[in-house]
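> Could you have a look at this structure, given as structure tokens, before my questions?
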Amino acid sequence: MRTGPGADSAPAPAPTTTPTADRTSMFSSLKIRNYRLFATGQVISNTGTWMQRIAQDWLVLTLTGSASAVGITIALQFLPMLLFGLYGGVLADRLPKRPLLLATQSAMALTGLALAGLTLSGHVQVWHVYLTAFLLGLVTVVDNPARQSFVSEMVGPEQLPNAVSLNSANFQSARLVGPAVAGVLITAVGSGYAFLLNGLSFLAPITGLLMMRSAELHKARRAPRGKGQLREGLAYVAGRPELIWPIVLVGFIGTFGFNFPIWLTAFVDDVYHSGAGAYGLLNTLMAAGSLTGALLAARRGASRLRILVGAALIFGLLEIVTAFAPAFWVFAALMAPLGVFGLTVNVTANSSLQMATDPQMRGRVMSLFMMVFIGGTPIGAPLVGWITDTFGPRVGFAAGGAVSLLAAVCVGLILARVGGLRLKVDLRPGVRPHVRFVPRDPRTAEEQPAREPAEELTPAA
């Protein structure tokens, strides 16, 4: 559905912005007809996806009474990405993406309709949810890299950063509506109708794909069939610091810092003793923050490593603070800033990776990105669920934030070292306090006057 020129933090990176990237309008890529069709279909299916996600988590919690069971469900949904994610990227690079997406979107619709039938008939058991989650994950292995890389074929390189940000805004807009509708449906008629509406919602993207004009697509050269393409993709990423280290950072945050279904269900049930309506409210507030972060990214255009690392630092700190919120209204108020900085991490890494990658490698690079971001969930979700059940929701939430914070610090220092930078803290009286990276050797700045001399890691930078 789900960095920036890079020279400031890594040696000789590929360019990650276009000449117009810094001066784009917030919705410029929507002027392109094919992308408008794509975005319209996605906002409808994304709304259904969020409805199913909320209903699925609540159904599992109702059937089992266990946060660990919710974690197992999430793990099963993302386990295929961990096991087969790179192969999905190879297929996305080899095959024409529009027919491929028609097949994957149809298959995802069938999983929603199957779960709806089981639930509405009264025969649903927790293993049914586990199975449909796993099957959905298998389809996502191919759908995610194909959909991510298809964006560049619809809009071209100049509009790619804007379109990636609007994709995230699209997803988060649906996240505002989906949980609220799901909460009403679960309370009024049960989870089954949320699953049914999700299955039907895939008619919108399928229709949009069929209505696209092939002549207006930016044809990308597909990778020929051959041996060693998976290893080729891994070697390509490993040799580029501007690719490998953002992926490592996102991997840690995705594995340990994005387990919100586990934490939110546990806080609502065990700490604040509320129901499905409160769970939907928390997801809606987080979605509002995420939407704000996506729109800010769309307006900003450029993606920089300092934004990625800075957002990751603040995201980890916010999770730790939120874990110890003394009252529900404080906890709820912190959902929006968590959404802003979590989304900023995601969209900045996504757009910078796509801009820095050769088109023939884009499917494999994006599959690796998605593999570490959501494929790490089968490792992180059961562990976080166990910590949450054993030591309480506050400890579980704080542990995820601590791992995210530590990962941001380590990757930020590594990128600074790779880029020949050192940390400088300026606390002089009369000067705005700030933390920045500057060249280790002052002569470096003199020899390379076109290069920005510092990478500030403060939010205002």
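The values are calculated or read from the model by the stated rules, or taken from the named source; none is laboratory data. Computed from a prediction, not measured in an experiment: that's the story for all the values here. Using ideal geometry, Cβ is built from the backbone for each residue, glycine included, and neighbour counts are taken over all protein chains shown. Side chains included, ligands, DNA and RNA excluded: accessible areas come from the protein's heavy atoms. Shrake-Rupley method; radii C 1.70, N 1.55, O 1.52, S 1.80 Å.
> Kindly rank 68-78, 31-41 from highest to lowest mean number of other beta carbons found within 10 Å of each residue. Let's see the in-between values first.
Working: 68-78: 24.5, 31-41: 19.3.
For the peptides 68-78, 31-41, the packing ranking is 68-78, 31-41.
> So what J values fall out for region 389-394 if you push phi through Karplus, 6.51 cos²θ - 1.76 cosθ + 1.60 with θ = phi - 60°, rounded to Hz, Gly and Pro as x?
5, 7, 10, x, x, 5
> Per residue, what accessible area does region 268-350 have, given a 1.4 Å probe and all protein chains present, in Å²? All intermediate terms of the calculation are to be shown ahead of the outcome.
Values: 2660 Å² over 83 residues.
In whole numbers, region 268-350 has 32 Å² accessible per residue.
> Using a probe of 1.4 angstrom, how much of the accessible area of region 259-355 is carbon and sulfur, in percent?
On the way: 1940 of 2750 Å².
After summing per-atom areas, the C and S share lands at 71 percent.
> Further question on the same structure: Whenever you get a sec, compute what percent of the accessible area on region 370-418 sits on carbon and sulfur atoms (1.4 Å probe). Mind showing how you got there, number by number?
Details: 1430 of 1830 Å².
Here it works out to 78 percent.
> Follow-up question, since we're still on this one. Could you derive backbone 3J(HN,Hα) for region 106-112 from the dihedral phi with the Karplus parameters 6.51, -1.76 and 1.60 (θ = phi - 60°), listing whole Hz in sequence and x where the residue is Gly or Pro?
For region 106-112, the Karplus curve yields 5, 5, 5, 4, 5, 5, x Hz.
> Moving to a separate point now. Carbon-plus-sulfur fraction of the accessible area of region 94-250, 1.4 Å probe, in percent? Mind dumping the intermediate values first?
Working: 4350 of 6580 Å².
Its accessible area is 66 percent carbon and sulfur atoms.
> Taking a ≥ b ≥ c as the square roots of the Cα gyration tensor eigenvalues, with a/c under 1.5 meaning rounded and otherwise prolate when a/b beats b/c, else oblate, which class fits region 104-195?
Values: a/c = 3.72, a/b = 1.74, b/c = 2.14.
Verdict is oblate for region 104-195.
> Still on this model: What is the Rg over Rh value, at two decimals, for region 45-177, using alpha-carbon atoms and the Kirkwood definition of Rh?
Working: Rg = 16.2 Å, Rh = 16.0 Å.
Looking at region 45-177, the ratio lands at 1.01.
> Roughly how many Å² is the accessible area per residue of region 148-199, as a whole number, for a 1.4 Å probe? Before the final figure, lay out the partial values.
Numbers: 1490 Å² over 52 residues.
That works out to 29 Å² per residue.
> Ranking request for peptides 352-358, 322-328: highest mean number of other beta-carbon atoms within 10 Å first, then the rest in descending order.
Values: 352-358: 23.3, 322-328: 15.3.
Per-residue Cβ counts within 10 Å, averaged per peptide and sorted highest first, yield 352-358, 322-328.
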